[in-house]
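A.B. asks: So that we are looking at the same thing, I have put the structure below in structure tokens.
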Amino acid sequence: MAVEAGLDAQRIQELDRQHVLHSWSVQSQITPLPVAGAEGRYFWDYDGKRYLDFASQLVNVNIGYQHPKVVAAIKEQADRLTTIGPPMAHETRSELARLIAEVTPGDLTMSFFTNGGAEANENAIKLARWYTGRHKIVARYRSYHGATAGAITATGDPRRWPAEPGIPGIVRALDPYTYRCPAGHPDPCPVCTGAPHLEEILQYEGPQNVAAVIMETIVGTNGVIVPPDGYLQAIREVCDRHGILLILDEVMAGFGRSGKWFACEHWDVVPDIMTVAKGINSGYVPLGAMVIREPLAEWVQDKYFAGGLTYSGHVLACAAAIASIEAFGEEGIVENSAAMGDVVADGLARLQEKHEAIGEIRGKGLFWGIELVRDRATREPLVPFNASGEAFAPVARIMKAAMERGLYLMTHWNVIMICPPLTITREELDEGLGILDEVLQEN
Ligand SMILES: Cc1ncc(COP(=O)(O)O)c(C=O)c1O
């Protein structure tokens with residue numbers, strides 16, 4: 001066995017094609033870009049071409065690339081201790097758990113660490129069932145909760161289909177998607193206000209059978225859907241009345257993405273269980289967590305917690321998270337997300353005035369979606385639900401044109417996501433929005 005060193009872009013691509021199985025794609029139809037490096041809000045290829053990342057990769061590199069403080073913390077931890085199993089206590093893990101209790105709202109005080117978001121949701125579902133002694137979980141259609149068995153069953157979008165029938169007991173609810181409201185959006189709307197729709201579902205399912213409602217506080221991949229004011233409070237109230245736990249998935253919305261530490265703070269709602277990952281340490285080392293409120297933490301104290309992962313609370317990941325949270329505080333990164341969010345809001349409003357194809361813009365902080373339509377009056381989407389191949393071509397063209405001009409965009413069917421690292425500057429935002437303007441003009 002000899003290790004090949006100093007691979008060029010072509011060889012990287014060859015090996016990638018032969019040996020790497022990529023997520024959510026038809027392998028023969030993709031050509032992943034070999035990335036040579038990254039810093040701040042940019043990554044670059046082997047020709048030295050730079051790309052401004054308006055997606056933070058998978059909406060996870062919240063702090064930007066190669067933040068020196070986070071890199072140093074990983075190195076320092078690696079020098080001291082690279083790994084220690086979850087049966088032990090370790091200062092890095094303990095300190096991170098304390099910090100999470102500090103930055104999360106209310107009495108969310110205890111963390112079960114995972115390798116990412118799916119496992120956090122998996123454990124949240126398990127704990128909710130165990131705690132309540134009930135088995136049903138209400139989840140929404142326009143959602144993504146991860147790719148493991150339970151999380152993908154709770155997921156509403158078509159990535160769920162190949163995994164079906166999945167785990168039993170998932171009950172589906174509609175989303176407060178005001179632009180395409182499934183109830184026709186009367187005033188007041190039974191779906192978009194939250195309570196009437198949930199109450200109706202509970203009537204049919206029997207509230208005494210429902211362990212939890214799980215939802216993304218702000219829907220991410222499935223269109224950046226921000227709930228109307230009052231929605232989340234109403235869901236919280238219905239859950240409380242029926243002894244149902246509220247699980248808020250803040251894997252994408254959390255850690256400053258929405259302009260506050262956690263999106264639920266926009267509506268002063270504290271979930272019983274919050275799941276986090278991504279922005280917790282920007283993916284420098286994989287990490288997620290299920291964070292639980294005090295009553296749950298107390299309840300679980302003298303019970304046997306039947307959950308575990310070899311890498312739960314991996315010290316390298318925890319060290320990265322501590323440094324990242326500290327940098328968020330020192331550098332005002334959450335505040336920057338809120339301030340730059342206002343710049344994005346203004347910039348997108350101007351684009352909407354100019355481009356007929358923009359049906360709606362929506363978002364908070366640096367978490368925005370641009371919904372593209374064929375016709376503003378009918379709201380016919382630019383590409384259909386679950387579009388791929390030829391049907392997706394109009395949006396694929398926009399992505400490709402942006403990439404050629406050095407702007408990396410993430411799209412989901414007819415929605416372009418604007419989710420840059422939270423450290424982005426005004427100049428960088430202007431650069432990206434300028435490119436977006438050009439490509440919308442030409443495509
Ligand atoms: C809202 C949400 N929840 C859960 C997940 C799953 O996280 P992971 O891919 O780390 O398992 C994602 C990933 O995109 C997500 O966006």
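The values are calculated or read from the model by the stated rules, or taken from the named source; none is laboratory data. No experiment lies behind these values; they were computed from the predicted model shown. All Cβ positions, even for glycine, are placed from backbone atoms using ideal geometry, and neighbour counts span all protein chains on display. For accessibility, only protein heavy atoms count, side chains too; no ligands or nucleic acids. Shrake-Rupley method; radii C 1.70, N 1.55, O 1.52, S 1.80 Å.
A.B. asks: HN-Hα J couplings of the stretch 313-318 from phi, Karplus 6.51/-1.76/1.60, θ = phi - 60°, integer Hz, Gly and Pro as x?
C.D. replies: Result, ordered by residue: x, 4, 5, 5, 5, 5 Hz.
A.B. asks: At a Förster radius of 51 Å, what calculated FRET efficiency corresponds to the Cβ-Cβ distance of Glu205 and Lys354, to the nearest 0.05? Don't skip to the end; give the middle numbers.
C.D. replies: Values: r = 47 Å, r/R0 = 0.91.
So the FRET efficiency works out to roughly 0.65.
A.B. asks: Using the Cα centre of the stretch 303-408 as origin and beta-carbon charges of +1 (Lys, Arg) and -1 (Asp, Glu), tell me which of Gly308, Leu348, Ala402 is placed farthest towards the positive end of the dipole.
C.D. replies: Gly308
A.B. asks: Report, in cubic angstrom per residue, the convex hull volume of the C-alpha atoms of the stretch 15-107. Kindly include the intermediate steps, with their values, before the conclusion.
C.D. replies: Details: hull volume 18.8 nm³, N = 93.
Convex hull of Cα atoms, per residue: 203 Å³.
A.B. asks: Another one. Once you have the Cα-Cα distance between Thr148 and Glu438, take 0.36 nm times their residue separation minus that, and quote the gain in nm to one decimal.
C.D. replies: On the way: separation 290, 0.36 × 290 = 104.40 nm, distance 3.94 nm.
Extra length available between Thr148 and Glu438 comes to 100.5 nm.
A.B. asks: Stretch Glu427-Val300 to full length: gain in nm at 0.36 nm per residue minus the Cα-Cα span? If you can, show how the numbers build up before the last one.
C.D. replies: On the way: separation 127, 0.36 × 127 = 45.72 nm, distance 4.91 nm.
Contour length minus Cα-Cα distance gives 40.8 nm.
A.B. asks: How far apart, in nanometres, would the label points at Leu21 and Ser388 be if each is projected 7 angstrom from Cα along the Cα-to-Cβ direction?
C.D. replies: My value for the distance between the label points is 1.6 nm.
A.B. asks: Once both labels are modelled 7 Å past Cα along the beta-carbon direction, what's the Asp47-Val343 spacing in nm?
C.D. replies: 2.9 nm
A.B. asks: Related question: So what's the convex hull volume per residue for the Cα atoms of the stretch 308-378, in Å³?
C.D. replies: Numbers: hull volume 9.6 nm³, N = 71.
Here the figure is 136 Å³ per residue.
A.B. asks: Hey, another quick one. Carbon and sulfur: what percent of the stretch 83-196's accessible surface (1.4 Å probe)?
C.D. replies: Details: 2830 of 4770 Å².
In the stretch 83-196, the share of accessible area belonging to carbon and sulfur is 59 percent.
A.B. asks: How much of Ile225 can a 1.4 Å solvent probe reach, expressed as accessible area in Å² and rounded to 10?
C.D. replies: We get 10 Å² for Ile225.
A.B. asks: A further question follows. Here is the link list: Lys260/Lys354; Lys49/Lys400; Lys278/Lys364; Lys126/Lys364; Lys69/Lys278. Which ones come out longer than 20 Å on Cα distance?
C.D. replies: Details: Lys260/Lys354 30 Å; Lys49/Lys400 15 Å; Lys278/Lys364 18 Å; Lys126/Lys364 31 Å; Lys69/Lys278 18 Å.
Listed pairs above 20 Å: Lys260/Lys354; Lys126/Lys364.
A.B. asks: Using the heavy atoms of the protein chains alone and a 1.4 angstrom probe, what is the accessible area of the stretch 288-330 per residue in square angstrom? List each step's numbers first, then the result.
C.D. replies: Details: 1860 Å² over 43 residues.
For the stretch 288-330, the solvent-accessible area averages 43 Å² per residue.
A.B. asks: Per-residue HN-Hα couplings for the stretch 69-77, Karplus 6.51 cos²θ - 1.76 cosθ + 1.60 at θ = phi - 60°, whole Hz, x for Gly and Pro?
C.D. replies: Each residue's phi maps through the Karplus curve to give 5, 6, 4, 4, 5, 5, 4, 5, 5 Hz.
A.B. asks: Taking Cβ-Cβ under 4.7 Å as the only way to count a partner, pick out the unpartnered cysteines of the chain.
C.D. replies: Cys181, Cys239, Cys264, Cys318, Cys419 - these cysteines have no disulfide-compatible partner (Cβ-Cβ under 4.7 Å) in the chain.
A.B. asks: Related question: If you plug each phi of the stretch 48-60 into the Karplus form 6.51 cos²θ - 1.76 cosθ + 1.60 with θ = phi - 60°, what whole-Hz ³J(HN,Hα) values come out, in order, with x for Gly and Pro?
C.D. replies: Values per residue, Gly and Pro as x: x, 6, 9, 10, 7, 8, 8, 10, 6, 6, 9, 6, 10 Hz.
A.B. asks: Something else now. Using the C-alpha gyration tensor of the chain, what are the square roots of 5 times its eigenvalues, in whole angstrom, with the largest one first? Can you show the working numbers first?
C.D. replies: On the way: eigenvalues 207, 175, 87 Å².
Gyration-tensor ellipsoid for the chain: 32, 30, 21 Å.
A.B. asks: Which cross-chain or sequence-distant (5 or more) residues have an amide H under 5 Å from the amide H of Leu52, H modelled 1.01 Å from N in plane?
C.D. replies: Placed amide hydrogens put Leu407, Tyr408 under 5 Å from Leu52.
A.B. asks: Also: Mind jotting down the distance between the C-alpha centroids of the stretch 117-166 and the stretch 393-443, whole Å?
C.D. replies: Taking the Cα centre of the stretch 117-166 as reference, the centre of the stretch 393-443 is 31 Å away.
A.B. asks: Now a separate question. Of the residues His67, His355, His197, which exhibits the maximal mean-square fluctuation in a Gaussian network model of the chain defined by a 10 Å Cα contact cut-off?
C.D. replies: His355
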